[in-house]
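Read through the structure below, which is laid out as C-alpha cells, and then see the notes.
Since every read-out is calculated from the coordinates, none of them should be taken as a lab result. Values in this document were obtained by computation on a predicted structure and should not be read as measured data. Positions of Cβ are backbone-derived with ideal geometry, glycine not excepted, and every protein chain shown enters the neighbour counts.
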C-alpha cells in the first residue's frame, strides 16, 4: 500500500503528524525561497528591524533589535532567509527533523517577539506554528515518511538513536 493511501485510510497519528511536518516544511521552504528571489529582503532588513523595534512592547526585545540585530542587519537577513530554506528542506525530507523543528520553533518565537505586536494575525500564526512545532518535536514526527526512517530501518541501531517505532502488521 502506498504511503499516501495508507495515510488516508489509517488512524495512525504518527502518519498524520508526519504529513503536518511535511506541510510545515513546504511553508518554511516557500517563505525562504520567496525571500531569496525577491532580491530586496536582505537589503531592506535594517528598516524592517528598526520598524519592529519602534513600538515593541518588550524592552529586552527592543534593546536586542536596536543594539544587536539592526547593526548586523545583513547577517540577520541572511540567517533568516537561509534558515527558513534549511528548515523547509529538513522538514520536507525528514532529514535532521528534530534540528529543523527546533530551529523553526526558535525562529517562530523570534518572529513573535519581534513582530507579534504589529498585528493579531502575525502574533497568532507564530504562536500556532510554535505550538505545532512543540507537538511535532515531542511526537517524533521526523521518524515517519522520512529519509531518517529509511536510513534508520536499514542500519544497525546506533547508541544515540531512540528506540525503533513499533512496526504495524502491514509493514513487518
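Here is how the numbers come out for the structure above:
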| item | result |
| --- | --- |
| Two-site label geometry, residue 26 and residue 138: point separation in nm, points 7 Å out along Cα→Cβ | 2.7 |
| Gain in span if fully extended, residue 154 to residue 78, counting 0.36 nm per residue against the direct Cα distance | 23.7 nm |
| Label-point separation, residue 60 to residue 147 (7 Å along Cα→Cβ), nm | 3.7 |
| Fully extended contour minus Cα-Cα distance, from residue 99 to residue 120, at 0.36 nm per residue | 4.7 nm |
